[in-house]
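**Q** Below is a structure I'd like to ask you about.
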Amino acid sequence: MRLLSTKATCNSHGQDSSYFLGWQEYEKNPYDEVHNPKGIIQMGLAENQLSFDLLESWLEKNPDVAGFKRDGKSIFRELGLFQDYHGLPSFKKALVDFMAEIRGNKVTFDPNHIVLTAGATSANETLMFCLAEQGEAFLLPTPYYPGFDRDLKWRTGAEIVPIQCRSSNNFQITEPALREAYEEARKRNLRVKGVLVTNPSNPLGTTMSRSELNLLVDFIKEKNNMHLISDEIYSGTVFSSPGFVSVMEILKERNDVADEVWDRVHVVYSLSKDLGLPGFRVGAIYSENDTVVAAATKMSSFGLVSSQTQYLLSAMLGDKKFRRNYTAENQRRLKRRHRMLVSGLQKAGISCLESNAGLFCWVDMRHLLHSNTFEAEMELWKKIVYKVGLNISPGSSCHCTEPGWFRVCFANMSEDTLGLAMKRFKAFVAESTCTQRTSPLFSNKRKSLTKWVFRLSSRDHHREQEER
Amino acid sequence: MVLGGKSQQLLSKIATNDKHGENSPYFDGWKAYDRNPFHPTNNPQGVIQMGLAENQLCFDLIEEWIRNNPKASICTPEGLHQFRNIANFQDYHGLQEFRNAMANFMSKVRGGRVRFDPERILMSGGATGANELIMFCLADPGDAFMIPTPFYPGFVRDLCWRTGMQLIPVHSDSSNNFKITREALEAAYKKAKEDNINVKGLIITNPSNPLGTTLDKDTLKSLVSFTNEKNIHLVCDEIYAATVFSSPNYVSVAEVIQEVEHCKRELIHVIYSLSKDMGFPGFRVGIVYSFNDEVVNCGRKMSSFGLVSSQTQHMLASMLSDENFVTRFLKENSRRLEKRHDKFMKGLEEVNITRFPSNAGLFCWMNLKSLLKEPTFEDELKLWRVIIHEVKLNVSPGSSFNCSEPGWFRVCFANMDDETVDIALNRIRAFVGRETKKPLGMKRWQPNLSLSFSSRMFDETAVMSPHSPIPTSPLVRAT
């Protein structure tokens with residue numbers, strides 16, 4: 001008899017992939033301006049470190065919250081005891097107000113339909129537990145966040161079937177691709193329970209268009225029992241046009257108020273990206289489906305948000321002036337960083353997918369591959385990690401169908417460090433271009449690299465990323 | 001109530017079945033409390049909540065510590081410089097200083113008789129999350145864990161709901177003081193095998209909820225050797241470890257394995273939490289501590305689904321590594337629990353209500369068999385409803401804990417102040433007094449309402465979850 005469970009001994013958590021080499025190498029040799037200027041710069045972490053000063057200055061002005069006090073009176077006891085899975089009402093109210101503002105107040109959210117969870121990781125898994133089981137699948141457009149393999153499949157038993165998107169139309173979801181994915185699932189004997197999209201997209205950094213969103217709503221309306229999950233955790237990071245359009249706005253526009261499709265559309269949110277607070281584990285599920293809300297609320301028992309954290313954030317997000325100021329300034333800073341990365345890469349002859357959101361760019365390095373294969377992508381990636389000293393994320397880890405794309409983060413480091421990264425890119429490309437002309441040298445270099453290349457098939461990837 | 005066909009196709013089975021346990025009739029007690037909650041001045045005739053195993057006795061000590069240690073918060077001027085590092089920290093290993101402090105605290109709770117390795121400490125969303133996590137690591141859908149009765153009703157949800165695991169109750173009763181005997185374990189194991197059920201382990205709670213007792217060393221050793229012999233897991237839920245207030249001293253399974261020859265440590269796992277010992281369930285601090293490397297590895301990855309807020313980790317790292325504070329807190333906590341326990345016991349004794357002798361926990365296991373007309377679960381539930389609606393105390397009937405004999409009730413005593421305890425005791429005294437004055441055979445408390453429920457109700461997943469669907473916190477009402 002097997003000692004542990006199947007889940008414990010399989011590798012569906014996705015963390016055994018050689019992709020982790022990049023992380024490990026960074027840990028061994030992390031860049032530090034003073035102590036290790038030649039170290040590896042971390043560009044694989046989708047964190048927002050640009051606006052902590054705004055949060056800190058709010059805290060300085062609001063000392064009561066720090067001391068577990070409300071109106072000067074200690075509420076430590078009440079907070080310490082508060083484990084109601086309905087969540088702190090003042091926090092939920094502040095959260096839905098924040099979410100509505102991010103959507104230009106074109107939609108409103110009912111706090112009674114919000115379920116709080118320990119991060120988006122937990123929100124996504126919980127939704128899966130509610131909507132799908134073994135033998136069923138969700139369709140996801142590629143490229144997608146590697147962590148979904150763990151969050152959606154591992155303990156739930158559900159499957160993911162990719163909707164293949166291509167660079168020829170900027171990776172937008174097309175109807176043929178959607179139908180193809182649906183057929184693929186059926187061929188694999190999987191009942192399709194819905195589509196999950198990330199909007200704005202990770203790793204693309206783009207907001208979904210109205211036509212894509214309508215296509216998806218049409219699609220789930222056409223089929224029975226299908227859901228649409230919209231992971232909108234980057235919704236507050238949209239820094240330029242076109243603006244953000246939430247699926248909830250689309251539903252409202254379609255004017256199908258009494259339409260039962262409202263029961264099958266669910267939104268996932270989190271404060272990890274927009275506010276830069278991944279450590280606080282604040283995630284949320286929003287659904288108009290009462291049964292889903294009821295079930296998910298009970299399930300949230302397995303990962304409630306610390307009452308201490310709910311209280312702090314209810315005060316912070318409840319401060320209307322603060323949150324408006326924060327959102328605007330945060331977006332301004334993100335835009336600046338994004339421009340810095342894009343122009344820096346341009347100088348190195350590298351282009352990016354045009355993007356208007358997120359904490360990263362989807363970078364096109366296909367022209368640097370010696371062949372249009374994932375092996376070549378891996379080779380290039382290892383070169384960038386080891387020789388150039390930049391930990392970026394290869395597109396294959398995001399299940400991209402085309403080799404040569406990489407996700408590069410820009411919001412988790414100082415401006416100086418980003419500048420240095422750009423210099424390294426430029427130097428690398430210049431060197432590569434030179435080397436390509438002298439083939440013996442190039443093939444020697446290639447030989448020395450192949451010992452680092454692991455055997456990887458484009459489909460058989462278990463990818464993981466601790467942070468998005 | 002299982003939802004109709006439409007929902008069942010649209011959603012998963014897990015979402016639409018009953019296995020979360022919250023549709024049980026036992027929620028009557030919660031509802032009655034919520035409709036009419038006791039308040040010393042605003043509602044002195046209201047229902048007193050005695051169904052919540054909370055530890056509210058030592059908040060003043062913690063508040064004092066927080067006041068004196070502003071650096072422990074990342075929001076105070078003294079601690080603000082840490083804000084961004086902590087807010088950004090989502091590593092599922094957890095803050096090193098937090099794990100060190102937890103290991104240290106867990107060791108102190110066990111009198112320093114055992115050391116815990118910080119590298120084996122995994123975080124989870126409270127003990128609720130911890131119990132589910134360990135089952136995901138150890139059992140596949142359809143597998144089973146044995147569990148001695150009576151047991152915490154929430155286990156049915158925590159261990160079985162999403163994991164697909166099943167529980168095999170191992171019954172004990174008052175005839176031998178609810179001891180878990182080797183014979184009972186062997187019999188349950190054998191029967192499971194005959195029924196083709198794959199038993200993956202045994203789960204115990206020590207100190208026990210609802211009994212409030214600690215296991216003696218010999219019993220623990222026999223549990224270790226039983227599970228070792230069968231090559232199955234032993235999961236020990238030790239969340240009440242620091243609520244031991246009188247002898248015998250607490251013995252943790254972690255101590256026992258040091259003394260068992262050729263012990264297969266890789267089969268032993270401990271569940272811990274700060275919700276009961278320290279009294280802050282709101283902060284969701286659950287711990288899985290496993291002696292099995294593979295479980296630690298896999299469990300750590302799973303903890304992503306319920307990490308402890310880094311803000312909370314940081315605060316507790318500071319608090320729990322303050323040796324003086326911890327020593328003082330543990331001592332005072334025990335002292336206050338003992339005092340509260342003794343006060344309550346005395347009150348019960350005055351009306352000849354016996355209870356199961358206990359040395360730990362936040363509750364007592366009260367024997368009301370003498371008040372039952374017939375020794376049946378039906379009568380137990382009838383009595384229970386009277387206690388809720390007429391005596392106005394929300395207590396927990398033994399059947400909700402899967403107790404094998406009727407007449408037992410769990411009554412919590414650490415979630416209220418002294419005055420409320422007095423009022424509760426007065427009500428109990430008045431009620432019992434009325435009952436004992438009646439001629440034999442005629443019990444006053446025939447309920448007016450016709451109660452319709454099947455006698456198999458106690459077999460259902462009876463849950464009285466602390467995460468009640470009914471908001472009762474003043475923080476909820478205040479907004």
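The values are calculated or read from the model by the stated rules, or taken from the named source; none is laboratory data. Just so we're clear, the structure is a prediction, and the values are computed from it rather than from any experiment. Don't worry about glycine lacking a Cβ; one is built from the backbone with ideal geometry, like all the others, and counts go over all protein chains shown. Side chains included, ligands, DNA and RNA excluded: accessible areas come from the protein's heavy atoms. Shrake-Rupley method; radii C 1.70, N 1.55, O 1.52, S 1.80 Å.
**Q** Taking the Cβ of B:Ala127 as the centre, find all other residues whose Cβ is under 14 Å away and add up their charges (Lys, Arg: +1; Asp, Glu: -1).
**A** Result for the local shell: -3.
**Q** Quick one: compute a quarter of the convex hull surface over the Cα atoms of segment B:71-321 and quote it in nm².
**A** With the hull built on Cα positions only, its mean projection is 13.3 nm².
**Q** Ignoring everything except DSSP H segments at least 4 long, calculate the 222 nm mean residue ellipticity for the protein assembly as shown; use -39,500 (n - 2.57) per segment, divide by total residues, nearest 500.
**A** After summing the helix terms and dividing by the residues of the protein assembly as shown, the value is -12000 deg cm²/dmol.
**Q** Now a separate question. Could you tell me what percent of the DSSP beta bridges with both partners in the protein assembly as shown are antiparallel, to the nearest 5?
**A** 50
**Q** Placing unit charges on C-beta atoms (Lys and Arg positive, Asp and Glu negative, everything else neutral), compute the dipole magnitude of the protein assembly as shown about its Cα centre in debye, rounded to 20.
**A** It comes to approximately 840 debye.
**Q** Here is a further query. As a test of the definition: with a 1.4 Å probe, what buried accessible area, both sides summed, do you compute for A against B, in Å² to the nearest 100?
**A** Separately minus together, A and B give about 7600 Å² buried.
**Q** Now, a different point. Can you tell me the 0 to 90 degree angle between the C-alpha axis of helix A:175-187 and the longest principal axis of chain A, rounded to 10?
**A** 90
**Q** Treating the angle as unsigned and between 0 and 90°, give the value, to the nearest 10°, between the Cα long axis of helix A:290-299 and the longest Cα principal axis of chain A.
**A** Taking Cα atoms only, the helix is inclined about 70 degrees.
**Q** Hey, what angle do you get for helix A:415-437 against the long axis of chain A, alpha-carbon based, 0 to 90 degrees rounded to 10?
**A** Roughly 30 degrees between the two axes.
**Q** A further question follows. Pairs A:Lys7/B:Lys230; A:Lys28/A:Lys423; A:Lys153/B:Lys200; A:Lys93/A:Lys223: which are spaced more than 26 Å apart, C-alpha to C-alpha?
**A** A:Lys93/A:Lys223
**Q** Moving on to the next point. Please average, across the residues of A:153-160, the number of beta carbons from any other chain that are within 10 Å of each residue's own beta carbon, and give a whole number.
**A** 2
**Q** So if I place +1 on the C-beta of Lys and Arg and -1 on the C-beta of Asp and Glu, and nothing else carries charge, what would the dipole magnitude of chain B be about its Cα centre? I want it in debye, nearest 20.
**A** 800
**Q** Per-residue counts of other Cβ atoms within 10 Å, averaged by peptide: what ranking do you get for B:394-400, B:152-158, highest first?
**A** Put in order of decreasing packing, that is B:394-400, B:152-158.
**Q** Okay, next question. For segment A:68-323, with all protein chains present and a 1.4 Å probe, just round the carbon and sulfur fraction of the accessible area to a whole percent.
**A** Carbon plus sulfur share of accessible area: 45 percent.
**Q** Taking the alpha-carbon centroid of each part, what is the distance from segment A:169-217 to segment B:227-295 in angstrom?
**A** Cα centroid to Cα centroid, the span is 46 Å.
**Q** Still on this structure, I have one more. Where nothing but the Cβ of Lys and Arg (+1) and of Asp and Glu (-1) is charged, how large is the charge dipole of segment A:68-323 around its Cα centre, in debye to the nearest 20?
**A** Here segment A:68-323 has a charge dipole of around 660 debye.
**Q** Related question: Arranged from highest to lowest average of other beta-carbon atoms within 10 Å per residue, in what order do the peptides A:72-82, B:200-210 appear?
**A** Ranked by mean Cβ neighbours within 10 Å, highest first: B:200-210, A:72-82.
**Q** Sorted by accessible area (1.4 Å probe), largest first, how do A:Lys106, A:Lys61 line up?
**A** Of A:Lys106, A:Lys61, the descending order of accessible area is A:Lys61, A:Lys106.
**Q** Return the FRET efficiency for the residue pair B:Glu294, B:Lys193: r is the Cβ-Cβ distance, R0 is 30 Å, and the value is rounded to the nearest 0.05.
**A** Given R0 = 30 Å and the Cβ-Cβ separation, E is 0.75.
**Q** With unit charges on the beta carbons (Lys and Arg positive, Asp and Glu negative) and the dipole taken about the Cα centre of the protein assembly as shown, which residue among B:Phe344, A:Thr297, A:Gly349 sits farthest to the positive side?
**A** My answer, from the dipole projection, is A:Gly349.
**Q** Another question, if that's okay. Evaluate the relative contact order of segment A:68-323 (contact order divided by residue number), counting alpha-carbon pairs under 8 angstrom at least 6 apart; express in whole percent.
**A** This gives 28 percent for segment A:68-323.
**Q** Quick one: of the DSSP bridges fully inside chain A, what percent are antiparallel, nearest 5?
**A** Here the antiparallel bridges make up roughly 50 percent for chain A.
**Q** Let's test the formula: R0 of 25 Å, r as the Cβ-Cβ distance of A:Lys347 and A:Ser414. What FRET efficiency results, to the nearest 0.05?
**A** The pair A:Lys347/A:Ser414 has a calculated efficiency of 0.80.
**Q** Separation of segment A:228-258 and segment A:268-289 by C-alpha centroid, Å?
**A** Measuring centre to centre over Cα atoms gives 16 Å.
**Q** What figure, in Å² to the nearest 10, do you get for the accessible area of B:Arg328 with a 1.4 Å probe and non-protein molecules left out?
**A** Roughly 120 Å² of B:Arg328 is accessible to a 1.4 Å probe.
**Q** For chain A, build the charge dipole from Cβ charges (+1 Lys, Arg; -1 Asp, Glu) around the Cα centre, then report which of A:Val282, A:Pro162, A:Gln49 sits farthest towards its positive end.
**A** Going by the charge dipole, the pick is A:Gln49.
**Q** Follow-up question, since we're still on this one. Please tell me the relative contact order of segment B:218-304 in percent, rounded to the nearest whole number, where contacts are Cα pairs under 8 Å and at least six residues apart.
**A** 28
**Q** Please report the antiparallel percentage of DSSP beta bridges with both residues in segment A:68-323, rounded to the nearest 5.
**A** Antiparallel bridges make up about 40 percent of those DSSP assigns within segment A:68-323.
**Q** Follow-up question, since we're still on this one. Averaged per residue, what accessible surface does the protein assembly as shown expose to a 1.4 Å probe, in Å²?
**A** 36
**Q** Distance check, please: which entries in B:Lys108/B:Lys179; A:Lys69/B:Lys331; A:Lys273/A:Lys335 exceed 25 angstrom between their Cα atoms?
**A** As for pairs spanning more than 25 Å Cα to Cα, those are B:Lys108/B:Lys179; A:Lys69/B:Lys331.
**Q** Please list B:Tyr250, A:Tyr182 in order of solvent-accessible area, largest first, computed with a 1.4 Å probe with all protein chains present.
**A** A:Tyr182, B:Tyr250
**Q** Tell me which of B:Met102, B:Gly282, A:Leu251 sits at the most positive position along the dipole axis of the protein assembly as shown, charges placed on C-beta atoms (Lys, Arg +1; Asp, Glu -1).
**A** My answer, from the dipole projection, is A:Leu251.
**Q** If you don't mind, there's one more thing I want to ask. So for chain A, averaging the separation of alpha carbon pairs under 8 Å that are six or more residues apart and normalising by length, what relative contact order in percent results?
**A** 25
**Q** If pairing requires two Cys Cβ atoms under 4.7 Å apart, which cysteines of chain A are left without a partner?
**A** A:Cys10, A:Cys130, A:Cys165, A:Cys398, A:Cys400, A:Cys409, A:Cys434
**Q** In nm, to one decimal, how far is the B:Ser321 label point from the A:Tyr386 one, both placed 7 Å along Cα→Cβ?
**A** 3.8
**Q** Another question, if that's okay. Hey, what do the phi angles of segment A:26-39 turn into as Karplus ³J(HN,Hα) couplings, whole Hz, using 6.51/-1.76/1.60 and θ = phi - 60°, x for Gly and Pro?
**A** 4, 4, 6, 9, x, 5, 9, 3, 9, 7, 8, x, 9, x
**Q** A further question on this structure: Excluding B:Asp143 itself, calculate the net charge of residues whose Cβ lies under 15 Å from the Cβ of B:Asp143, where each Lys or Arg counts +1 and each Asp or Glu counts -1.
**A** In short, +4.
**Q** Using only the heavy atoms of the protein chains and a 1.4 Å probe, how would A:Phe91, A:Phe239 rank by accessible area, largest first?
**A** Largest accessible area first, the residues go A:Phe239, A:Phe91.
**Q** Here is a follow-up. In whole Å, how far is the Cα centre of segment B:91-147 from that of segment A:74-143?
**A** Going from one Cα centre to the other spans 26 Å.
**Q** At a 1.4 Å probe radius, carbon and sulfur cover how many percent of the accessible area of segment B:63-219?
**A** 48
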